[in-house]
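Contents: one structure, followed by commentary.
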Amino acid sequence: MEKFVNASTEILDGVYLTRSEASPVWQTYFRWKGKTFRKSTKKRDFDQAKMVALGFFYDVQRDETGALTQKAVPFTKLAQVYEAYVSKRMLSSYHVETLNRHLMPFFGEVNDVRAINQAMVTQYIDWRTSKSARQPTPQTLNRENTVLRQVLEHAVDQGWIEKSPKVPHYSERLTRKRRRHFTTEEYRTLHRTARKRITRAKNDPLQRHTLWQRQLLYDVIILMANSGLRVDELQSLRWRNVDFESEMVVLERAGKTRSSRRVIVRSSGMLALKRIRERRREWLDERGREDAIPGHDPVIALPTGKVVKSFKTGFDGLLTECGFVYETSDQKHSMTSLRHTYATFSLTRKRGKRAGMRALAKQMGTSERMIQQHYGHDEISDYEDELRGVE
């Protein structure tokens with residue numbers, strides 16, 4: 001059995017072994033002639049790690065200059081180690097995407113990560129902001145810079161660099177935009193038009209596949225607008241995740257945030273799920289397959305069981321038929337607008353009790369700050385009854 005030792009232990013005067021809850025591997029650090037040395041012992045056993053740490057310390061002492069001669073670590077190796085680190089912990093794929101899309105093209109030719117200093121980070125920011133015709137927003141830069149910051153901190157943890165240079169954080173206050181949602185009238189139009197398209201397809205026996213697609217799109221619209229689910233969370237749903245009795249769905253490390261939570265679905269959203277299940281059940285019955293729908297089957301699928309990965313074409317066609325006009329492409333509704341609609345309606349509804357920020361944040365798998373910044377479309381008129389004391 002591994003010997004129990006505190007998280008940080010001094011094994012010799014000024015020489016320490018430490019480890020965090022995130023990793024069982026011991027790290028060593030000490031100062032020698034005014035310089036800090038860090039290194040992973042690559043050992044989980046304390047006694048073995050102690051031997052490695054002391055060997056490292058004595059090697060540094062033997063160097064007359066007090067500088068450790070170590071092999072240069074290229075950024076490509078740091079990138080590989082970091083990618084393995086985030087993948088093992090099932091963190092967001094955004095880390096790896098940012099690493100490959102932005103960091104590798106700039107830092108990829110750096111043969112020694114110790115060469116990454118403050119000036120190089122500044123050069124990277126200048127390069128990133130001029131990389132494309134459209135300048136990235138402060139929000140985008142901050143997300144990407146978080147990844148860069150973590151990569152450099154990982155290099156420190158590995159003992160490959162002594163200290164990470166500062167990575168800037170930009171103010172987002174003046175550039176935050178409210179996310180596009182459907183107004184009450186727009187949502188009514190979307191709802192009515194989607195039903196009309198289904199009726200037209202029903203009257204044409206040659207459009208059975210089109211009918212299925214339109215029915216599924218309609219039910220997905222209803223489900224998203226009555227649950228606040230993200231598109232990628234919806235795609236991860238399996239029938240075992242749906243609790244019809246309690247009118248909830250259970251997310252299991254779903255979507256970009258790898259969120260695990262219970263989501264309350266309003267009655268109309270649960271009816272949409274029942275319609276999807278019924279169409280699947282009918283298709284199986286027609287083929288003499290009376291077995292139950294497997295719990296691991298995806299929810300967002302056609303009656304045949306075929307998964308629909310994207311609704312973009314069908315949704316764009318629906319928006320066009322609705323007659324919505326947009327001045328720019330940035331203003332155009334998307335499937336995600338339904339999640340924003342759920343949040344906005346929850347905060348501003350005229351009838352029934354409004355959801356509080358904390359409850360809504362838990363329901364949607366986000367923070368109260370994000371709710372306020374992105375979904376606070378409410379105006380003073382929305383609170384007239386409350387402010388006048390009308391019940």
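Read-outs: derived from the displayed coordinates by stated rules, not from any lab. Just so we're clear, the structure is a prediction, and the values are computed from it rather than from any experiment. As a convention, Cβ positions derive from the backbone with ideal geometry for all residues, glycine included, and neighbour counts pool all protein chains shown.
Things to note:
- Gyration tensor verdict on region 184-388 (Cα atoms; rounded if a/c is under 1.5, prolate if a/b is larger than b/c, oblate otherwise): oblate
- Highest mean packing first, where packing is the average number of other Cβ atoms within 10 Å per residue, the peptides 212-221, 115-124 line up as 212-221, 115-124.
- With the highest mean first, a sort of the peptides 23-31, 222-230 on other beta-carbon atoms found within 10 angstrom per residue produces 222-230, 23-31.
- Entries of 309/362; 42/362; 202/306 with Cα pairs more than 28 Å apart: 42/362
- Within the chain, helix-based [θ] at 222 nm, where runs of 4 or more DSSP H residues each add -39,500 (n - 2.57), nearest 500: -14500 deg cm²/dmol
- At most 12 other Cβ within 10 Å, DSSP loop - GluC sites (Glu not before Pro), region 268-337: 290, 327
- Percent RCO, i.e. relative contact order, over the chain, from Cα pairs under 8 Å lying at least 6 residues apart: 13
- Rounded if a/c under 1.5, otherwise prolate or oblate - region 110-160, Cα gyration tensor axes: oblate
- Inter-site label distance for residue 139 and residue 7 at 7 Å from Cα along Cβ, in nm: 3.4
- Cα gyration tensor category, rounded, prolate or oblate, for region 75-157 with a/c compared to 1.5: oblate
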